[in-house]
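One structure is given below, encoded as structure tokens.
Please treat every number below as a calculation from the coordinates, not as lab data. No experiment lies behind these values; they were computed from the predicted model shown. Positions of Cβ are generated from backbone atoms using ideal geometry, with glycine treated the same way; all protein chains shown enter the neighbour counts.
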Amino acid sequence: MPTPHLTTLFVSDIHLHPSRPLTARLFGEFLAGPAAQAGALYILGDLFDAWAGDDDLGDAFNAGVCAALKRLAEAGRRVFFIPGNRDFLVADRFAAATGATLLADETVVDIHGVPTLLLHGDTLCTDDRAYQDFRAMVRARAWQEEFLAQPLAVRRAEIASLRERSEAGKRVKPQALMDVNETAVQQAYAAHQVTRMIHGHTHRQARHRHGSFERWVLPDWDASGGALLCDESGCRWLAFPTRVGAG
């Protein structure tokens, strides 16, 4: 068994929302169990199904999730967060409410002696040009300033509309279009001079070997949940016995 506090956990694509109470309960159990025994927890994006801005902390559900993370941090566990495509608007108030350190997408971290590239993963899906154009638009400071200047209720409605259109678009897109591009993966290895990469986003849990390189794709929590555990001996999957289901 790994020594407590000498392990590092990675999760992504949890998609927390009040309409999914079983997922929220499982995440709470994860924070109170495996995460409480680890030295650090990295959340690689899409913790929430949507985040309309840091004034979304006024929502009771969101505040409860953030408070649970804050308790973990106050207990001495290091918590890190890379925004995903659904919660890229998290900012300083979110960091203060959770005790998490916000990291930039494509950050290299020494994980038990191995320089490791951490990212949400959507930047690797370069074949989907429509998505990449959309991503560039909403990540621009001017767009975000204009969007955040709107009332919270208007922002939530706009996000819901965007999400509905996105889901409709996914149903007609080829599956391969929404997966990573191998050239983009190799370019990321070369640009950051690493041999290990960990990301989420695609919902296609796997460990890929690229010659001497390895790439871990984190599972989503829409069906069952799961995490990646790393220590000095390497990385391995941490599966959950409880099924989340659709709720």
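Quick notes on this structure:
- Summing Cβ point charges (Lys, Arg +1; Asp, Glu -1) relative to the Cα centre of the chain gives a dipole of roughly 440 debye.
- Kyte-Doolittle at least 0.5, axis length at least 18 Å by Cα - qualifying DSSP helices, the chain: 60-74
- Largest-first principal axis extents, alpha carbons of the range 8-239, Å: 49, 43, 31
- Across the chain: Cys residues that no other cysteine approaches within a C-beta distance under 4.7 Å: Cys66, Cys125
- Most simply put, the chain has about 50% antiparallel DSSP beta bridges, counting only bridges with both residues inside it.
- Helix-only mean residue ellipticity at 222 nm for the chain, each DSSP H run of n ≥ 4 adding -39500 (n - 2.57), per residue, nearest 500: -10500 deg cm²/dmol
- Added length on full extension, which subtracts the Cα-Cα distance from 0.36 nm per residue, Gln37 to Leu6: 10.3 nm
- Gain upon complete extension [Ala75, Gln187; 0.36 nm per residue less C-alpha separation]: 36.5 nm
- Ranked by the mean number of other Cβ atoms within 10 Å of their residues, highest first, the peptides 202-213, 228-239 come out as 228-239, 202-213.
- Per-pair calculated FRET efficiency, R0 = 22 Å: Ala160 and Asp222 via Cβ, rounded to 0.05: 0.80
- Full-extension gain in nm, Phe134 to Ser19, via 0.36 nm per residue minus C-alpha separation: 38.8 nm
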